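The values are calculated or read from the model by the stated rules, or taken from the named source; none is laboratory data. All figures in this text were calculated on a predicted structure; none of them were measured in a lab. In this analysis, Cβ positions are derived from the backbone assuming ideal geometry, glycine residues included, and neighbour counts consider all displayed protein chains.
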Amino acid sequence: MYMGQQGKKYTKEQRETAISSLQEWLEFGFSRARACGMVGMTESTLSRWVNEDHALGMKVKSWENKINRLATQNIVDALNLEANDENDKRKETTKWWMERRMKKDYSTRIEQDLTTDGEKLPNPIYGGQSTNKKEV
């Protein structure tokens, strides 16, 4: 028996069915929490199972990355074809996906300090009062 939400026990068959059902949702790019909700289990149950079973953790990670691999493959295909068609919708969709879901590698956002030249900010003022002033 495997423990689930609020002490719910899963048989080996139920666990395998739940994991099999999760695969489809994770491969579509759903978060773990959303995928678990789609199959009627809690994310904490999945986390516990992954912590107990290293091989399951590797499978889940692979399922989560399937759509990222597809997005990357679309970029590679476009580069290989040297497509110059600005109306190719795959480019924009893939760019959007990669910037948002693969932020670490493809985000176009740059954090810049535009106000302080690296110096420490003064204490904020709330309701016209500096946070350093003591009320009398």
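Of the residues making up segment 31-58, just one is in contact (Cβ under 8 Å) with a residue 40 or more places away in the chain and surrounded by fewer than 17 Cβ atoms within 10 Å (Cβ to Cβ), namely ARG48.
Going by the conditions given, is ARG100 in a loop (DSSP other than H, G, I, E, B) and at pLDDT 70 or above? Spelling it out, it is not the case that ARG100 is in a loop (DSSP other than H, G, I, E, B) and at pLDDT 70 or above.
Taking the listed residues ILE67, ILE75, the one that is in contact (Cβ under 8 Å) with a residue 40 or more places away in the chain and either out of contact with any Asp or Glu (no Cβ under 9 Å at 6 or more places or on another chain) or buried (at least 16 other Cβ atoms within 10 Å of the Cβ) (or both) is ILE67, with no other qualifying. State the number of residues belonging to segment 17-65 that are part of a helix (DSSP H, G or I) and of a type in the set (Phe, Trp, Tyr). Total meeting the criteria: 3.
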